[in-house]
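Engineer: Can you read through this structure? Questions will come right after.
The numbers here are math on the coordinates, done by the rules we state, and not lab data. Fair warning: this is a prediction, and the values are worked out from it, not measured in the lab. Glycine gets a Cβ as well: all are built from the backbone with ideal geometry, and neighbour counts include every protein chain shown.
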Amino acid sequence: MADADVLRLEGVRKSFNLGLPTEVEVLHGIDLSLRRGEFVALIGPSGSGKSTLLNLIGLLDRPTAGALELEGHDTRVLDDAALTRLRGHSIGFIFQHHHLIGAFTAAENVLMPQLLDRGHPDAAMRRSAETLLDRVGLLPWRDARVGNLSGGQQQRVAIARALAMAPALVLADEPTGNLDTKSADGVFDVLREMNRVNRTTFLIVTHDPRLAQRCDRIVEVVDGNVVSDAAVVRDGR
């Protein structure tokens, strides 16, 4: 049986300054689906609409028109509170700037999504955070303040935090953009491992063609349109 779609966009449009002389449409009818367990690169030049599209997929903004479904939920019929709950449980975020809390330990940062959801820590949550840190290779640093960690280590903490709620979809916006090549490769390897083990769907925005070619599929956006959506061919196949 084919894997179900985690995400489906149909005819998604996004305009800004609606009804004003400065109204502009940034996305022009995007069709896109992501299946469970896919590892997809999103590429395109600056100003192509990638950030706007990522904000819509992340339920941080609403489309002007079209349908967006996440894990079978039609987001058009959800109010803001329901969207917030869906986002918190179904989507993990990894940013170019990790947005960790520097005064907190690695484990405390990983705990944050569960704390926001449940209100107080418990032993099971702490074990879950330590398990995730172990899987990204940072268990020995669980009690270290993240401000004392290297850039690559901080991004690994951010990956563990993004997976804390076991989301179906992780959105990674230039997750290796601030790292040197060696650290970037290490972080990318962790993302691929989490994808393989958890069958979590990843959508990764990157300007690095080398990393895009290591994904399973590349979606290219230019001037608010998907101009290419194709599997990555390796070894001549």
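Engineer: Apply 1/(1 + (r/R0)^6) to the Cβ-Cβ distance of T84 and D143, taking R0 = 30 Å, and write down the FRET efficiency to the nearest 0.05. Could you put the intermediate results ahead of the total?
Structural biologist: On the way: r = 31 Å, r/R0 = 1.04.
The formula returns an efficiency of 0.45 here.
Engineer: OK, next. Run the dipole for the chain about the Cα centre, Lys and Arg Cβ at +1, Asp and Glu Cβ at -1, nothing else charged, and hand back the magnitude in debye, nearest 20.
Structural biologist: Roughly 580 debye, rounded to the nearest 20.
Engineer: What are the ³J(HN,Hα) values, in whole Hz, obtained from phi via the Karplus relation 6.51 cos²θ - 1.76 cosθ + 1.60 with θ = phi - 60°, for each residue of region 125-140 in sequence order, with x given for Gly and Pro?
Structural biologist: For region 125-140, the Karplus curve yields 5, 5, 4, 4, 4, 5, 4, 5, 5, 4, 6, 9, x, 10, 4, x Hz.
Engineer: Which of (1) 0.98; (2) 1.10; (3) 1.03 is the computed Cα Rg over 2.2 N^0.38 Å for the structure on display?
Structural biologist: (3)
Engineer: Would you work out the relative contact order for the chain, in percent, from Cα pairs under 8 angstrom that are 6 or more residues apart?
Structural biologist: 28
Engineer: Among DSSP bridges having both ends in the chain, what percentage is antiparallel? Round to the nearest 5.
Structural biologist: On the way: 23 of 40 bridges.
Taking every DSSP beta bridge within the chain, about 60 percent pair in antiparallel fashion.
Engineer: Residue-wise, which Karplus ³J(HN,Hα) couplings in Hz belong to region 88-98, taking 6.51 cos²θ - 1.76 cosθ + 1.60, θ = phi - 60°, and x for glycine or proline?
Structural biologist: x, 9, 10, 10, x, 10, 10, 10, 4, 9, 4
Engineer: Report the extension gain between D122 and E10 in nm, rounded to one decimal, defined as 0.36 nm multiplied by the number of residues separating them, less their alpha carbon distance.
Structural biologist: Here the answer is 36.2 nm.
Engineer: Between T131 and R196, what is the FRET efficiency for a Förster distance of 25 Å, r being their Cβ-Cβ separation, to the nearest 0.05? Intermediate values should be presented prior to the final figure.
Structural biologist: Values: r = 17 Å, r/R0 = 0.66.
Calculated value: 0.90.
Engineer: Now for a separate question. Name the residues whose placed amide hydrogens come within less than 5 Å of the amide hydrogen of S15, ignoring near sequence neighbours (fewer than 5 apart) on the same chain.
Structural biologist: V26, T64
Engineer: Taking amide hydrogens as modeled 1.01 Å from N in the peptide plane, which residues meet the under 5 Å criterion relative to I43, leaving out close sequence neighbours?
Structural biologist: V219, E220, V221
Engineer: Let me have the 222 nm mean residue ellipticity of the chain computed from DSSP H runs of 4+ only, each contributing -39500 (n - 2.57), with the sum over all residues rounded to the nearest 500.
Structural biologist: Here the helix-only value at 222 nm equals -10000 deg cm²/dmol.
Engineer: Another question about this same structure. For F188, F202, F104, which order do you get if you count the other beta carbons within 10 Å of each Cβ and list the fewest first? Could the numbers behind the result be given before it?
Structural biologist: Details: F188 21, F202 25, F104 16.
By the 10 Å Cβ count, ascending: F104, F188, F202.
Engineer: Which listed residue (V232, V146, L191) has the Cα farthest towards the positive end of the charge dipole for the chain, taking +1 on Lys and Arg C-beta and -1 on Asp and Glu C-beta about the Cα centre?
Structural biologist: Farthest towards the positive end: V146.
Engineer: Give, in nm to one decimal, the length gained when the segment between L20 and F104 is fully stretched (0.36 nm per residue of separation minus the Cα-Cα distance).
Structural biologist: That works out to 25.8 nm of additional length.
Engineer: Please report the net charge: other residues with Cβ closer than 9 Å to the Cβ of T75, K and R +1, D and E -1.
Structural biologist: Details: positive: R62, R76; negative: E69, D74.
Every neighbour counted, the sum reads 0.
Engineer: Next question. With the chain treated as a Gaussian network of Cα nodes joined by springs under 10 Å, which of L20, L59, L116 yields the largest mean-square fluctuation?
Structural biologist: Result: L20 has the largest fluctuation of those listed.
Engineer: Here's another thing I want to ask about it. In debye to the nearest 20, how big a dipole does region 1-44 give about its Cα centre with +1 on each Lys and Arg Cβ and -1 on each Asp and Glu Cβ?
Structural biologist: 80
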